[in-house]
Amino acid sequence: MNSVPSGTALVLTGGGARAAYQVGVLAAIAERTRGNGFPILTGASAGAINAAYLAAHPGDFADAVRELKGQWSRLTADVIYGSRTPTFIRLLARWLEGLALGKRDGSPGGRGVFDTRGLRRFLAEAIDFSGIEANIARGRLKAGFGSSSNNGEMGAKGTGA
């Protein structure tokens with residue numbers, strides 16, 4: 001088993017549910033390495049969820065990946081969007097009406113068609129974001145964590161090295 005070189009970054013792409021497949025690749029990496037994992041982590045969209053989880057986790061890389069896999073097994077469309085079919089139908093009807101009347105350019109605009117409060121709650125429960133700064137202070141992360149998400153709510157942390 002090898003350690004991850006100290007200046008190595010892990011960049012995780014977006015792609016919605018494909019980020020769950022990333023966990024399988026991360027598990028294979030964890031089986032072949034030891035220690036705290038990657039000292040620099042970043043991600044885009046759904047990959048930012050994985051990167052944030054790994055950056056905030058207090059344990060070693062293998063433990064973080066194992067627990068991240070468990071988080072993905074809990075994440076369902078119902079958790080993300082809830083079972084608000086009447087709300088969805090009302091929002092979709094409003095959007096289609098605006099499109100038909102020429103008030104929309106074809107994009108849902110505004111806050112979108114789906115209510116993502118469930119995803120925000122899930123992330124708040126699953127990830128202790130203060131762990132990112134704690135891991136920087138401990139020297140486990142060489143740089144802060146930068147991310148982007150579809151609606152920009154994950155934000156970014158500054159550099160720490």
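What to note about this one:
- Residues that are farther than 19 Å from THR13 by Cα and out of contact with any Ser or Thr (no Cβ under 8 Å at 6 or more places or on another chain) within segment 63-81 comprise ASP63, ARG66, GLU67, GLY70, SER73, ARG74, THR76, ALA77, ASP78, VAL79, listed in sequence order.
- Residue match in segment 3-20 (condition: aliphatic (A, V, I, L, M) and in a loop (DSSP other than H, G, I, E, B)): yes
- The residues listed here are ALA143, ALA126; of these, the one that is at pLDDT 70 or above, of a type in the set (A, V, I, L, M) and open to solvent by less than 50 Å² (accessible area, probe 1.4 Å) is ALA126.
- Residues in segment 21-47 that are in a helix (DSSP H, G or I) and touching a Leu at 6+ places or on another chain (Cβ under 8 Å): GLN22, VAL23, LEU26, GLY47.
- Test for GLY16: is it without any contact (Cβ under 8 Å) to a residue 40 or more places away in the chain and farther than 19 Å from ILE127 by Cβ: no
- Subset tally (residues that are open to solvent by 10 Å² or more (accessible area, probe 1.4 Å), more than 14 Å from THR13 (Cβ to Cβ), touching a residue at least 60 places away in the same chain (Cβ under 8 Å) and of a type in the set (A, V, I, L, M)) for segment 39-55: 1
- Considering residues of segment 64-86 that are at pLDDT below 80 and either open to solvent by 50 Å² or more (accessible area, probe 1.4 Å) or over 16 Å from the mean Cα position of the chain (by Cα) (or both) only, the residue farthest from TYR21 (Cα to Cα): PRO86
- Taking every residue in segment 21-35 that is over 14 Å from GLY47 (Cβ atoms) and pairing it with any residue that is of a type in the set (A, V, I, L, M, F, W, C), at least 6 positions away or on another chain, the pairs with Cβ-Cβ distances below 6 Å are ALA27/VAL65; ALA30/PHE61; ALA30/ALA62; ALA30/VAL65; THR33/VAL4; ARG34/MET1.
Let's see how each residue does on (1) more than 20 Å from ALA134 (Cα to Cα); (2) out of contact with any Asp or Glu (no Cβ under 9 Å at 6 or more places or on another chain):
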residue: SER3; (1), (2): yes, yes
residue: VAL23; (1), (2): yes, yes
residue: PRO39; (1), (2): no, yes
residue: ALA44; (1), (2): yes, yes
residue: PRO58; (1), (2): no, no
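- Test for ALA19: is it buried (at least 21 other Cβ atoms within 10 Å of the Cβ) and closer than 19 Å to SER130 by Cβ: no
The values are calculated or read from the model by the stated rules, or taken from the named source; none is laboratory data. All figures in this text were calculated on a predicted structure; none of them were measured in a lab. Neighbour counts run over all protein chains shown; Cβ positions are idealised from the backbone, glycine included. For accessibility, only protein heavy atoms count, side chains too; no ligands or nucleic acids. Shrake-Rupley method; radii C 1.70, N 1.55, O 1.52, S 1.80 Å.
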